1. Condition test on residue 134, is it polar (S, T, N, Q) and in a strand (DSSP E or B)?
2. Here are the criteria: (1) in contact with an Asp or Glu (Cβ under 7 Å, 6 or more places away or on another chain); (2) modelled with pLDDT under 90; (3) not basic (Lys, Arg). Tell me which single one residue 167 does not satisfy.
3. Could you grab me the full set of residues in the stretch 57-80 that are at pLDDT 95 or above and in contact with a helix residue (DSSP H, G or I) (Cβ under 8 Å, 6 or more places away or on another chain)?
4. Would you be able to tell me the number of residues in the stretch 91-104 that are in a loop (DSSP other than H, G, I, E, B) and either buried (at least 18 other Cβ atoms within 10 Å of the Cβ) or among the charged types (D, E, K, R) (or both)?
5. So which residues in the stretch 120-134 are within 26 Å of residue 19 (Cα to Cα) and either out of contact with any Lys or Arg (no Cβ under 7 Å at 6 or more places or on another chain) or surrounded by fewer than 12 Cβ atoms within 10 Å (Cβ to Cβ) (or both), if there are any at all?
6. Is it the case that residue 47 is out of contact with any strand residue (DSSP E or B) (no Cβ under 7 Å at 6 or more places or on another chain) and not aromatic (Phe, Trp, Tyr)?
7. Could you tell me whether the stretch 105-113 includes any residue that is assigned to a loop (DSSP other than H, G, I, E, B), in contact (Cβ under 8 Å) with a residue 60 or more places away in the chain and either of a type in the set (Asp, Glu) or surrounded by 18 or more Cβ atoms within 10 Å (Cβ to Cβ) (or both)?
8. Within the bounds of the stretch 146-153, is there any residue that is in contact (Cβ under 8 Å) with a residue 60 or more places away in the chain and not small (Gly, Ala, Ser)?
Amino acid sequence: METQQLLPHGIDFFHLPLEKGTVILSLETLNRHSAFRRTRKPFLYIKQRKISFQSEILTIGITLGEEKEEMVYLQVKPTELLVGCSVDTSESYLSRYAYYALQDLMNHSGECDFKEFYWPDFFHPKTGKSKYLNIINDRWGMNVGLKAPYSYFYKPDGYTNETDPHSPQ
């Protein structure tokens with residue numbers, strides 16, 4: 001497999017499969033592709049913040065304990081999640097920063113739905129910005145949705161007919 005390089009330049013992306021027919025990552029899938037596990041030590045402080053969403057890439061800052069903040073980059077594709085990190089992550093290895101960032105995004109049932117960050121072809125290829133999306137990043141978190149004048153645009157669900165459980169075979 002050829003190394004896929006996206007923004008920021010020089011970052012390699014690890015490929016995590018999503019649940020069939022969805023843009024959901026499960027804890028089971030994450031654990032299957034990493035040796036890291038959430039520590040049971042109550043004193044490991046994990047701080048995470050969503051920094052930006054450009055060129056279909058969500059940038060998250062994560063701090064583990066007293067270490068300096070590192071960046072995790074996520075891009076949602078129809079069948080997989082591309083995960084990059086400012087340190088240690090490669091096409092064949094998922095760093096602990098990336099693991100903890102993804103694990104921290106999951107709900108109590110051990111899943112993370114990336115539907116809010118699946119906007120294929122909604123960004124300008126050169127600027128990385130979108131004239132169609134309203135991206136709000138404030139103290140209450142990050143919200144992404146269509147701007148009012150474009151509310152009629154069709155947003156793909158993240159699956160094709162081959163993976164749609166309701167499509168005729």
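1. Values: polar (S, T, N, Q): yes; in a strand (DSSP E or B): yes.
Against the criterion (polar (S, T, N, Q) and in a strand (DSSP E or B)), residue 134 qualifies.
2. Of everything listed in (1) in contact with an Asp or Glu (Cβ under 7 Å, 6 or more places away or on another chain); (2) modelled with pLDDT under 90; (3) not basic (Lys, Arg), residue 167 misses just condition (1).
3. Hits for the stretch 57-80 are 58, 60, 62, 70, 72, 74, 76.
4. Our first condition is that a residue be in a loop (DSSP other than H, G, I, E, B); within the stretch 91-104, this holds for 91-92, 94-95.
Next, from what is left, pick out any that are either buried (at least 18 other Cβ atoms within 10 Å of the Cβ) or among the charged types (D, E, K, R) (or both): 91, 94-95.
Counting residues in the stretch 91-104 that are in a loop (DSSP other than H, G, I, E, B) and either buried (at least 18 other Cβ atoms within 10 Å of the Cβ) or among the charged types (D, E, K, R) (or both) gives 3.
5. Residues of the stretch 120-134 that are within 26 Å of residue 19 (Cα to Cα), as a first pass: 120-123, 133.
Residues satisfying the conditions are 120, 121, 122.
6. Working: out of contact with any strand residue (DSSP E or B) (no Cβ under 7 Å at 6 or more places or on another chain): no; not aromatic (Phe, Trp, Tyr): yes.
Against the criterion (out of contact with any strand residue (DSSP E or B) (no Cβ under 7 Å at 6 or more places or on another chain) and not aromatic (Phe, Trp, Tyr)), residue 47 does not qualify.
7. Keep residues of the stretch 105-113 that are assigned to a loop (DSSP other than H, G, I, E, B), which gives 106-110.
Okay, now just the ones that are also in contact (Cβ under 8 Å) with a residue 60 or more places away in the chain, so 106, 110.
Among the residues that remain, those that are also either of a type in the set (Asp, Glu) or surrounded by 18 or more Cβ atoms within 10 Å (Cβ to Cβ) (or both) are: none.
No: the stretch 105-113 contains no residue that is assigned to a loop (DSSP other than H, G, I, E, B), in contact (Cβ under 8 Å) with a residue 60 or more places away in the chain and either of a type in the set (Asp, Glu) or surrounded by 18 or more Cβ atoms within 10 Å (Cβ to Cβ) (or both).
8. Looking only at the stretch 146-153, we keep the residues that are in contact (Cβ under 8 Å) with a residue 60 or more places away in the chain, and these are none.
There is no residue in the stretch 146-153 that is in contact (Cβ under 8 Å) with a residue 60 or more places away in the chain and not small (Gly, Ala, Ser).
The values are calculated or read from the model by the stated rules, or taken from the named source; none is laboratory data. Nothing here was measured: the structure is a model prediction, and the numbers come from that model. Virtual Cβ from ideal backbone geometry, glycine too; neighbours counted across all protein chains shown.
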